[in-house]
Each structure stands twice: as structure tokens, then as C-alpha cells.
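Take a look at the structure set out below.
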Amino acid sequence: QVHLAESGGALVQSGGSLRLSCAASGAIFRIYGMRWFRQAPGKQRELVASLDVVNNPYYADSVKGRFTISTEVAANTMYLQMSSLKPEDTAVYYCNANVDLKDYWGQGTQVTVSS
């Protein structure tokens, strides 16, 4: 069984920065891709950023230039560095990983950006 644990969510002022972490633990042979999603109240869950199996990054247009996705392979940990945060970034952020060809989700971490 694989467990994903997010951390780093907080209340921050507009223009501020946060770094989210997602640590994968359990029986892991290979991670094929890792992603950050977010879901705002009343909205569908959306893909924010991802890294594929060869570490090619993808960013949603709404976060390009402000968010950076990275991984610490030895620690099976993924990060999302968020800067120039806006109120519209307020959401629950979820990490998702394809581990040994199975998808896993974390429990989510709340990011609230005040104006």
C-alpha cells in the first residue's frame, strides 16, 4: 500500500509564497509521474502542475511563471513552490502519483490567500 501525505498549506496574504510538500511512503518500486491538483469551493478539481516519468514539467496557464514543481527523488517527495499568490489560488491542493502503474491521492492541504 502507498500513502501520500501533503503538508504546507496555510493562510497567506496576496502576493505571498508557500511551499507544499507531498511525501510518498509504502511499497514503492517506481513512480511514473506526480501531479498537483486543486479544488476550489464549488469548482471542479483541476490540474495545476505535473512531472512526467522523465521529469518534463507541465503548468496550467493560470499558474505559469508563479508556481514551480520539483521532486526529491531519494525521498520520494514532490514540492510545489508557489509565489505571487492570488486570492483565486485559494483551494484544497491534492497530490497525485502514479506508483507502479496505480494512481494514488493524498488527503489534501488547504491554501487560503487573503486579499
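For this structure, a couple of remarks:
- Portion, in percent, of the accessible area of the chain that falls on carbon or sulfur, probe 1.4 Å: 50
- Choice from 74, 91, 60 showing the highest fluctuation, given a GNM over the chain with Cα pairs closer than 10 Å: 74
- Charge sum, other residues only, whose C-beta stays under 14 Å from residue 67's C-beta, Lys/Arg counted +1 and Asp/Glu -1: +2
- Sum of side-chain charges, residue 29 neighbourhood, beta-carbon under 14 Å (Lys, Arg +1; Asp, Glu -1): +1
- Largest GNM mean-square fluctuation among 11, 47, 20, using the chain with Cα springs under 10 Å: 11.
- Antiparallel bridges, percent of DSSP beta bridges restricted to the chain (to nearest 5): 95
- Approximating the spin labels as points 7 Å out from Cα along Cα→Cβ, the residue 107-to-residue 73 distance works out to 3.1 nm.
- Straight-distance crosslink candidates among lysines, where the alpha carbon sits under 27 Å from residue 86 and sequence neighbours closer than 8 are dropped: 43, 64
- Solvent-accessible area per residue, Å², over the chain with all protein chains present [probe radius 1.4 Å]: 54
- Percentage, to the nearest whole number, of Cα pairs in segment 25-106 over 23 Å apart: 21
- Note on segment 16-66: antiparallel DSSP beta bridges, both residues inside, total approximately 100 percent of the bridges counted.
- Considering only 73, 63, 53, the mean-square fluctuation computed in a Gaussian network model of the chain, springs between alpha carbons under 10 angstrom, is largest for 73.
- Under a 5 Å amide H cut-off, with hydrogens placed 1.01 Å from N, residue 33 pairs with 98 among residues at least 5 apart or on other chains.
The values are calculated or read from the model by the stated rules, or taken from the named source; none is laboratory data. All values reported here derive from a predicted model rather than from experimental measurement. Every residue, glycine among them, receives a Cβ derived from its backbone with ideal geometry; neighbour counts consider all protein chains shown. Quick note on the areas: whole protein, heavy atoms, side chains included, nothing else; ligands and nucleic acids left out. Shrake-Rupley method; radii C 1.70, N 1.55, O 1.52, S 1.80 Å.
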